[in-house]
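Worksheet for the structure shown next.
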Amino acid sequence: MSADVPDRVVIAHLFPDALNLYGDRGNIDTLVRRAGWRGIAPEVRDVGADDAELLSGADVIFIGGGADQHQRAVADQLIALADPLRHAIGEGAALLAVCAGYQNLGHAFRSPLVGEIPGPGLLDVETEMPAGAERFVGGIAIEVAEGSPIATADASGRRRIVGFENHSGRTTIGPTMRPLGRVLIGRGNDGASGFEGAIALPGEGGLRGLRIGTYLHGPLLPRNPHLADFVLASGLGRGVPVGLSPLPDEPEWEAHERFADDWTAIRPGVYRRSRIGRLRDRAGALIGF
């Protein structure tokens, strides 16, 4: 471990019981293991509505996905935590928000089912879920921009990120953020723009910390070690990513490649017309956004 890398990382997990859809807790496990393998002692704090003090000193903040009733339930609690969250990110904590967490941390989420849910605006996005909107379900692969620090977090310079999407939201990005990546497979933020997720690099938008919002479940980080390391390095460096020692990531990259290859082989439209695809869509409509 490099001398400039802290020997401890504090990971704040927002609403872990309510927002933990499609294995999102696996993102926490990945950060814990990748830190521990490098001799960095991890501390995970489960943060609820009355736990603002647990955000003090956090290096990484994670919030996952959840069903509509859970998203509605935590909305007011997120507003109450807005100032402590903004303070933590302003001091350099890295934020990763997945699916419902992505939607909830924006300016607003609107749906015929739940009305308008105001958000704390920690992510410069807004989301609509139009009545009868097509549900986006299936494997997704995106490509980050050339020269992205996410790619350079891995010695190979890989630019692809893979995951699983299941949502009916249509998310638009404001001027202080940019898309996380360009869609190669799948639908992404709105099914039309060709982009997925939102990112503000450390220092952008007036906040010292990294901020990422995405629809990619799966969980996301086990199959994308370069992204996991970029989040971890950004949080440990309080906005200036530290240099992490390399890990033998062959199993992770094999899972990454096999996932992308499997979904590339399923041509657009074939999945949604299949019996399995229809059943998964119905299940997704019942349990997630």
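What are the residues in segment 166-177 that are modelled with pLDDT of 95 or more, surrounded by 17 or more Cβ atoms within 10 Å (Cβ to Cβ) and part of a strand (DSSP E or B), if any?
We begin by selecting, within segment 166-177, every residue modelled with pLDDT of 95 or more; these are 170-177.
Narrowing the set further to residues that are surrounded by 17 or more Cβ atoms within 10 Å (Cβ to Cβ) leaves 170-171, 173, 177.
Selection gives R170, T171, I173.
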Does segment 210-222 contain at least one residue that is among the polar types (S, T, N, Q) and either in a helix (DSSP H, G or I) or buried (at least 19 other Cβ atoms within 10 Å of the Cβ) (or both)? yes
Select from segment 6-43 the residues that are assigned to a strand (DSSP E or B) and in contact with a Lys or Arg (Cβ under 9 Å, 6 or more places away or on another chain) and write down the one among them that is surrounded by the fewest Cβ atoms within 10 Å (Cβ to Cβ). A41
Please state which one of A155, A151 is surrounded by fewer than 20 Cβ atoms within 10 Å (Cβ to Cβ), among the hydrophobic types (A, V, I, L, M, F, W, C) and not in a strand (DSSP E or B). A155
Flag for L85 being touching a Lys or Arg at 6+ places or on another chain (Cβ under 9 Å), within 22 Å of P202 (Cβ to Cβ) and among the hydrophobic types (A, V, I, L, M, F, W, C): no
Please enumerate the residues belonging to segment 114-146 that are part of a loop (DSSP other than H, G, I, E, B), under 12 Å from G169 (Cα atoms) and either among the aromatic types (F, W, Y) or in contact (Cβ under 8 Å) with a residue 24 or more places away in the chain (or both). M129, P130, A133, E134, R135
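The values are calculated or read from the model by the stated rules, or taken from the named source; none is laboratory data. Note that the structure is a prediction, hence the values are computed from the model and not measured. When we count neighbours, we look across all protein chains shown, and the Cβ atoms used for this are built from the backbone with ideal geometry, even at glycine.
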